[in-house]
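Participant: Got a structure for you, written out below as structure tokens; questions coming shortly.
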Amino acid sequence: MKNVAAYAHSTRAAGQNPSAWRAPELSLRFWPVFLRNLLVWRKLAIPSLVGNIAEPLMWLVAFGYGMGALVGQITVPGPAGPVQVPYILFLASGSICMSAMQAASFEALYSAFSRMHVQKTWDGIMNAPVGLDDIVLAEMLWAAFKSLFTVTAILGVMLALNISHSPKLLVAWPILLGVGITFSCIALIFNALAKGYDFFTYYFTLFLTPMMFLSGVFFPLEQLPLAVRVVADWLPLSNAVLLVRPLFMDQWPADALRHAAVLAAYAVVSFWIALALTRRRFRL
Amino acid sequence: MHDTDLFTVSHLHKRFGDATVVNDLSFSIGPGECLGVIGPNGAGKTTTIRMCLGLCAPDGGSIHALGLEMPRDARAIKAQLGVVSQMDTLDPDFSCAENLLVYGRYFGMKDAQIRARIPELLEFASLTSKANAKPGELSGGMKRRLSLARALVNDPRLLLLDEPTTGLDPQARHLMWERLQLLLQQGKSILLTTHFMDEAERLCNRLLVLDHGRKIAEGRPRDLIREHLEPDVVEVYGVGAMALLESPLRALAARVEVSGETVFFYTANAAGLLQALHAYPQLRTLHRPANLEDLFLKLTGRQIREEA
């Protein structure tokens, strides 16, 4: 830390870039970087899609139909008092958020790290007139786009399985893009700090997996002890679920603005931290 | 700074922690010129290149290029530069042609504009038949040539090449040199770092010798040799070569150095020395003109560096 501070000070003295925490310098130059990832993905889209949607669908089918038979109906709060819904609908509306989270996290960690550290793709790009900030922006949007693609495919299967036919799912779609953006911003913080792929295992097992269980994906948040709920209410995934679940039931979410604001705050703050840490990693 | 200079670096300083990596370095590159930067590992060559690209902020000094200033105008400067870095950064998932297309887009070029350039770039890199091959299927020399072709996609006036032939076999190096000569003939300027003295001598109009981040010599290769060295070198090796250091032969050379098992006699008059060496038939001798390698070793020392 001392060196970083000294470095920042000395560069300021020479009239150079002052701090890793300076405002983002974003431009449309992010677009060719996004296109680059799209071009690679187009070659591998179908096999990667199978991998991306097979697991969430297995969860859905095994838990939804298996557990659903045991649980039957489940009570959730609605605008006009508690409503009974089939467990599979409850689970599907939560797990779609979980899939958005996982797809975005996976892309912004393993894939972005491969490009940044292993293949040195970012170094090559920075020799052209594209700045690091634009690359980080492109990676963030790319991970969100990929997560939206996965989510869209899963939504298609859910429609085919007749789990929900709510017209409000059209609104769920852009919200799920927002969920992807939030989680890719968070993941990029860990990407900036990683020394190797092993580091990401911690992120998945220590952050994402507990969050899955504390965000009302598998069971209602009301089941949790009050002390845990206080934390759970502020987790990004639980805010995502609270926004998306009512739309599956053809209802409008309560406190939609607050939940959206929580997600947006996570996204903005995380992106800023991710950018600063990535600049520090590249000594820029 | 001359008005004609494309690229001017003045009094550049860079520290990492307590270590000074670049120390008061100044140089400039004119149009059509090839400037070679040579120096042992850790001399500050790559850090200098990174500062020239705005990838690393200097602690002091200034870098001007094409009427613009680094790092303030980094993007505008890089739009007119071509860069080949030490490590290949080719996209393994793309064919050669796609690598060029995707890279051209980073310069804001239109797809049609890039596609029109791809055939000539591939031909320049002797990779026309490999247009659809991925970098993984290419040899080391082909990959470096693809990196060079990629650096030319925006038709830059100045190329920055960081050890462009390290790790290549002799044929691949010669082909690379030929391509670089061609670029110089077309009027492009090149800044080149290298470990190979034959490369520096062959390509560079002017050389910069760096050691510990400091410029220790600068000039045309032939002038530098003339200025710092005696014209002839006699290398002597074999059993008993070290004993020559204590013999009267030593007085026949202006300067004597030892490296490993070899004794180097530097002299302006090799004939007398060679005559005297006839008395030692068991020793092997090599008489040659002094070259850049001798200069480099004289200026930076013969001992192997720990970090090397």
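The values are calculated or read from the model by the stated rules, or taken from the named source; none is laboratory data. None of these values were measured; they are calculated from a predicted model. Ideal geometry is used to build each Cβ from the backbone, glycine not excepted, and the neighbour counts take in all protein chains shown.
Participant: So which residues in the range B:27-41 are closer than 29 Å to A:Val130 by Cβ and not β-branched (Val, Ile, Thr), if there are any at all? Give the derivation first.
Facilitator: Here is the first cut: in the range B:27-41, the ones closer than 29 Å to A:Val130 by Cβ are B:27-37.
Once the filter is applied, which keeps residues that are closer than 29 Å to A:Val130 by Cβ and not β-branched (Val, Ile, Thr), the range B:27-41 yields B:Phe27, B:Ser28, B:Gly30, B:Pro31, B:Gly32, B:Glu33, B:Cys34, B:Leu35, B:Gly36.
Participant: Which members of the range B:78-88 meet the condition of being surrounded by 21 or more Cβ atoms within 10 Å (Cβ to Cβ), facing another protein chain (nearest Cβ under 7 Å) and in contact (Cβ under 8 Å) with a residue 40 or more places away in the chain? Can you show your working first?
Facilitator: To start, the set of residues in the range B:78-88 that are surrounded by 21 or more Cβ atoms within 10 Å (Cβ to Cβ) comprises B:78, B:81-85.
From what is left, the residues that are facing another protein chain (nearest Cβ under 7 Å) are B:78, B:83, B:85.
Hits for the range B:78-88 are B:Val83, B:Ser85.
Participant: Within the range A:83-130, take every residue that is among the aliphatic types (A, V, I, L, M) and outside any helix (DSSP H, G or I) and give me the one that is farthest from A:Phe149 (Cα to Cα). First the steps, then the outcome.
Facilitator: Filtering the range A:83-130 for residues among the aliphatic types (A, V, I, L, M) gives A:83, A:85, A:88-89, A:91-92, A:96, A:98, A:100-101, A:103-104, A:108-109, A:112, A:116, A:118, A:125-126, A:128, A:130.
Narrowing the set further to residues that are outside any helix (DSSP H, G or I) leaves A:83, A:85, A:128, A:130.
Numbers: A:Val83: 31, A:Val85: 27, A:Ala128: 29, A:Val130: 26 Å.
Per the stated criteria, the residue is A:Val83.
Participant: Which residue pairs have Cβ atoms under 7 Å apart, sit 6 or more places apart or on different chains, and have a first residue in the range B:152-167 that is under 16 Å from B:Ile38 (Cα atoms) and a second that is of a type in the set (Gly, Ala, Ser)?
Facilitator: B:Asp162/B:Ser85
Participant: Sort out which residues of the range A:158-200 are within 14 Å of A:Ile96 (Cα to Cα), surrounded by 20 or more Cβ atoms within 10 Å (Cβ to Cβ) and among the aromatic types (Phe, Trp, Tyr), and write them in order of number.
Facilitator: A:Phe183
Participant: Output the number of the condition that B:Glu69 fails; it satisfies all remaining conditions of (1) touching a residue at least 60 places away in the same chain (Cβ under 8 Å); (2) part of a strand (DSSP E or B).
Facilitator: If we test B:Glu69 against (1) touching a residue at least 60 places away in the same chain (Cβ under 8 Å); (2) part of a strand (DSSP E or B), just (1) comes out false.
Participant: Here is a follow-up. For the range B:139-162, which positions are within 15 Å of B:Gln186 (Cβ to Cβ) and among the small types (Gly, Ala, Ser)?
Facilitator: Across the range B:139-162, the qualifying residues are B:Ala149, B:Ala151.
To keep it simple, each residue is scored yes or no on (1) assigned by TED's automatic domain parsing to the domain that holds B:Leu208; (2) among the charged types (D, E, K, R); (3) touching a Gly at 6+ places or on another chain (Cβ under 9 Å); (4) surrounded by 17 or more Cβ atoms within 10 Å (Cβ to Cβ).
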| residue | (1), (2), (3), (4) |
| --- | --- |
| B:His13 | yes, no, yes, yes |
| B:Asn23 | yes, no, yes, yes |
| B:Ile49 | yes, no, no, yes |
| B:Gly67 | yes, no, no, no |
| B:Ala76 | yes, no, no, no |
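Participant: For the range B:40-66, name all the residues that are at positive phi and in contact (Cβ under 8 Å) with a residue 60 or more places away in the chain.
Facilitator: B:Gly42, B:Gly44, B:Leu66
Participant: Wholly within the range B:159-220, which strands (runs of 3 or more DSSP E) include no fewer than the required count, namely at least 3 residues that are touching a Gly at 6+ places or on another chain (Cβ under 7 Å)? Let's see the steps before the verdict.
Facilitator: Working: elements: B:189-194, B:206-211, B:214-219.
Of the strands (runs of 3 or more DSSP E) lying wholly inside the range B:159-220, those with at least 3 residues that are touching a Gly at 6+ places or on another chain (Cβ under 7 Å) span B:189-194, B:206-211.
Participant: Okay, moving on. Condition (residue is outside the structural domain of B:Ala43 (by TED's automatic domain parsing), free of Cβ contacts under 8 Å to residues at least 12 places away in the same chain and part of a helix (DSSP H, G or I)) applied to the range B:254-269: is it met by at least one residue?
Facilitator: no
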